[in-house]
Amino acid sequence: MIYKYITEEYYSKWIGRDEILHEPLSKVTLLNSQERNVIQYGYSQQFDVYIFCRQNSIYFSYGDKALPYIEQIKEHIASTVNEETVKQIVEQSFGKPLKHSIKYLYTSCKDISSIAIPLKIDEYDKYLEFFKSVHPNCKNTDWVEEYFAEMVEEGLCCGIYENRLLVSCTDAPGMPYMEREVQEIGINTLPDYRGKGYAADVCILAINNIINNNKCPQWSTTIDNIASQKLAERVGFVKFADAFTITL
């Protein structure tokens with residue numbers, strides 16, 4: 001599987017033009033995209049501006065709400081490839097901060113852990129208990145059982161138990177694009193059980209199952225989540241790009 005090619009295809013769809021990341025690199029590309037006018041599956045809000053920075057190239061994707069600001073922005077960023085400068089210009093233009101995330105590329109297969117296991121359908125009660133622990137503000141859990149069953153079917157809900165308590169577990173966020181080709185990994189570990197290597201073990205098993213499903217593993221995290229960044233690198237990912245978003 002060509003992980004880089006598939007990952008480029010996936011984020012090209014986020015930018016709003018198929019295969020744009022396969023094209024020759026350019027300094028700055030501005031793109032008015034309908035993808036910025038809708039809420040992508042799995043997200044709670046639309047991203048009116050989506051800036052993708054990779055290899056000294058900047059892809060600036062914007063929607064209709066951003067149109068009144070674009071001419072002013074074009075004048076300032078057309079000749080720069082400095083990520084920090086673009087960020088400052090955009091934040092000043094819109095009067096609000098950009099949200100910064102890091103996108104990763106999977107590069108290498110790791111050994112499957114002998115500790116982590118794929119959960120089975122009859123372990124739902126254990127998973128629900130775990131889910132409520134890591135998402136205490138989630139009041140409606142009616143959807144969780146169906147979500148759990150879907151993950152179990154594809155081997156994407158991998159966990160580790162201590163004393164019959166599920167303490168670390170992966171999940172499978174919904175993919176807004178290419179759901180048959182890619183799958184992002186989510187991971188939670190109960191606070192008292194962190195620092196034991198459990199998160200890496202369950203993620204490695206989930207990654208191998210994703211690959212066995214003929215899908216390309218994906219990883220994304222926020223700029224301030226250092227633990228997630230270190231974990232990504234530990235289980236076989238390398239930094240692919242920076243992404244900045246604004247919702248107007």
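When Rg and the Kirkwood radius Rh are both evaluated on Cα atoms of the stretch 130-176, their ratio Rg/Rh stands at 0.97. When the inverse distances between all different Cα atoms of the stretch 23-83 are averaged and flipped, the Kirkwood radius reads 12.3 angstrom.
Annotation: amide H of THR29 within the under-5 Å range of ILE58, TYR59, PHE60, sequence separation 5 or more or interchain, hydrogens built in the peptide plane. A straight line joining the Cα centroids of the stretch 115-163 and the stretch 23-92 runs 37 Å. In the chain, the calculated helix contribution to ellipticity at 222 nm averages -10000 deg cm²/dmol per residue, counting -39,500 (n - 2.57) for every DSSP H run with n ≥ 4. Evaluated at q = 0.16 Å⁻¹, a Debye calculation over the C-alpha positions of the chain (equal weights, vacuum) places log10 I(q)/I(0) at -1.17. Classified by the C-alpha gyration tensor, the stretch 99-194 has a rounded form. Its axis ratio a/c, with a ≥ b ≥ c, is below 1.5. Sites listed here are trypsin sites (Lys or Arg not before Pro) in the stretch 1-108 whose DSSP assignment is loop and whose Cβ has at most 11 other Cβ atoms within 10 Å, and the list is empty. A 1.4 Å probe run over the stretch 18-168, with the rest of the protein chains in place, finds 57 Å² accessible per residue. For the listed residue pairs LYS96/LYS215; LYS65/LYS215; LYS215/LYS239; LYS65/LYS132; LYS99/LYS230; LYS65/LYS103, the alpha carbons are over 31 angstrom apart in LYS96/LYS215; LYS65/LYS215; LYS65/LYS132. Other residues within the sphere of radius under 13 Å centred on the Cβ of ARG17, judged by their own Cβ, net out at -4 (K and R +1, D and E -1). Shape class for the stretch 146-248, computed from the alpha carbon gyration tensor (a ≥ b ≥ c): oblate, with a/c not under 1.5 and a/b at or below b/c.
The value of relative contact order for the chain, using C-alpha pairs under 8 Å at least six residues apart, is 26 percent. Within straight-line reach of LYS126, meaning a Cα separation under 13 Å, sit the following aspartates and glutamates at least 8 residues removed in sequence or on another chain: GLU145, GLU162. Which residue, TYR50, TYR69, TYR11, has the most motion in a Gaussian network model of the chain that connects Cα atoms within less than 10 Å? Greatest mean-square fluctuation among the candidates belongs to TYR69. Structural size metrics of the stretch 23-140, computed from C-alpha coordinates, are Rg and Dmax of 20.5, 59 Å. Here the dipole of the chain is about 640 debye; that uses its Cα centre as origin and unit charges on the Cβ of Lys and Arg (positive) and Asp and Glu (negative).
The simple spin-label model puts a point 7 Å past each Cα toward its Cβ; for GLU84 and THR141 those points are separated by 4.6 nm.
Rolling a 1.4 angstrom probe over the chain with all protein chains present gives an accessible area of which 47% lies on carbon and sulfur atoms.
The values are calculated or read from the model by the stated rules, or taken from the named source; none is laboratory data. What you see is a predicted model, and the numbers here were worked out from it, not measured in a lab. Every residue, glycine as well, gets a Cβ built from its backbone with ideal geometry; the counts of neighbours run over all protein chains shown. Ligands, DNA and RNA are stripped out before the accessible areas are found, and what is left, the full protein with its side chains, is counted by its heavy atoms. Shrake-Rupley method; radii C 1.70, N 1.55, O 1.52, S 1.80 Å.
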